[in-house]
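The values are calculated or read from the model by the stated rules, or taken from the named source; none is laboratory data. None of these values were measured; they are calculated from a predicted model. Here the Cβ is made from the backbone with ideal geometry for all residues, glycine too, and neighbour counts use every protein chain on show.
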Amino acid sequence: MDDSMYNISLMDQVDIINQLAKDGSLSNYLTDSGTIDMEAISDMVIQVNKSKILKLHPYAITQLANGRWQTFLPAYGKQKKKQIRRVNKNDLEDVVVKHYLERVTVHTLEEVAYEWLNFKASEPGFKRSSYDRYENSYKRAFDGFGDINIAKLTEYDLEDYLIKTIIDKRITRSAWANIKIILRGIFKFAKRHRYTNMSVDDVIDYIDSEKKIFTKPAYKKDSEDVFSEDEVKQIEEYIDGRENISLVDLGIKLALRTGLRSGELAALKYSDLDPETSSLQINRTEQHSKGEKGHTDYYFSDEGSLKCEHPSETLYIDTVAVGLIEEINARYPENDFLFYDGHFIRSQAFSKRLSDICNTIGIPPRTLHKARKTYATRLINAGVDQMLVKTQLRHKDITTTLKHYYRDNKTAAEKAAKIQAVFDAL
């Protein structure tokens, strides 16, 4: 039998040598030259491992009438237990031991991925929603590849697989950035636990250099990313003209004047308002994660959940926004949460309703996040100091605001008038 199957590690050998030195019997394993007989040490490790495994084997090893030896290997999943026979008892024991050691020493990519995910989930402050996001990125990137033995996976295998996946699934650089997070996490976790020796950073660097494999995101016109001033006016007039204005409608008006994220809007309380300073304290947001039975669980999180540097931020609002909050609270004054009418109004309800309103009034449908971008654009166009705009949006730096939130929301007539005014002044 091939003794290497027993997975004799250096640590196993060191542990045996230390124990022999401790009990004074190490001299029995010295060669004539005075060096340690490592072959004898390895044999001892094998016998120790073999003895432990056979004690845990759940089926008896019995001798049949014809002199052959028999036992069973356990069933896994939908498999049935497997009968094995050998002429020699020692050979049969070797088959049993090899079976268990192979199951212990083989770690599939998927097994390691979930080991890492569960490890991350145990860290203080780790969000349940992050677990779902990482899991979804893993499934998107490694669907059909998870049963591979991570120890036998080479850098070239991983590179070839990822390049093919990126091309076939039309993955953008933005989506690749999310995949890189889990890729680094999984393989650094695996390396730390000695499941692999692969340096995943080399793989990532190579993929990053292959710029042509990534799908370019669909080009969006500025008019698709923000509302023009005329469109904002149409939305507000449509809501104000309704016979029964719903809480969701009022929430949309509030979002257009505050730039609140949909999760922050859904989690807003009347007690967050300070009318004297015309300010809102933003200190919680709606979160969601996959429950045990696969259902989506919604909850409000106020610990490290906001997309800003601090767990709580102050947002300054105008008198119209203050009036809207007062109006919303007057609907159900016994509730502290503003958007609760017997059940919590979820964040996606605001986006869905805004898209429905757009369709009704005949403008391109857009989500509530576009209202947030519109808010940022309106502040910048009005000449508000950039640092104040950054604070109002609760961004870490102004670069994020200018790069991703500032758009041209002027109509064709307004653009022409602006250019004309420049040359008229010359």
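Couple of notes before you dig in:
- The residue of segment 340-366 that is farthest from the chain's Cα centre (by Cα), among those that are free of Cβ contacts under 8 Å to residues at least 40 places away in the same chain and closer than 18 Å to GLU286 by Cα, is GLY342.
- Against the conditions (1) surrounded by 11 or more Cβ atoms within 10 Å (Cβ to Cβ); (2) modelled with pLDDT of 70 or more; (3) within 50 Å of the chain's Cα centre (by Cα), LEU56 satisfies every one except (1).
- Some residue of segment 241-263 being in contact with a strand residue (DSSP E or B) (Cβ under 7 Å, 6 or more places away or on another chain), more than 30 Å from THR108 (Cβ to Cβ) and of a type in the set (Gly, Ala, Ser): yes
- Apart from one condition, ARG194 fits all of (1) over 20 Å from SER174 (Cβ atoms); (2) not in a loop (DSSP other than H, G, I, E, B); the exception is (2).
- Leading residue by the ranking (farthest from ILE171 (Cα to Cα)) among those in segment 130-150 that are surrounded by fewer than 16 Cβ atoms within 10 Å (Cβ to Cβ) and of a type outside the set (D, E, K, R): ASN149
Table: residues versus (1) in contact with an Asp or Glu (Cβ under 9 Å, 6 or more places away or on another chain); (2) surrounded by fewer than 20 Cβ atoms within 10 Å (Cβ to Cβ); (3) modelled with pLDDT under 90.
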position: GLU237; (1), (2), (3): no, yes, no
position: LEU256; (1), (2), (3): yes, no, no
position: LEU260; (1), (2), (3): no, no, no
position: LEU280; (1), (2), (3): yes, no, no
position: GLY294; (1), (2), (3): no, yes, yes
position: PHE300; (1), (2), (3): yes, yes, yes
position: GLU309; (1), (2), (3): no, yes, yes
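- Filtered by the rule that a residue be modelled with pLDDT of 90 or more and either assigned to a loop (DSSP other than H, G, I, E, B) or within 16 Å of TYR100 (Cα to Cα) (or both), segment 60-81 gives ALA60, ILE61, LEU64, ALA65, ASN66, GLY67, ARG68, THR71, PHE72.
- Scanning segment 122-152 for residues that are farther than 13 Å from VAL112 by Cα and assigned to a helix (DSSP H, G or I) yields a count of 13.
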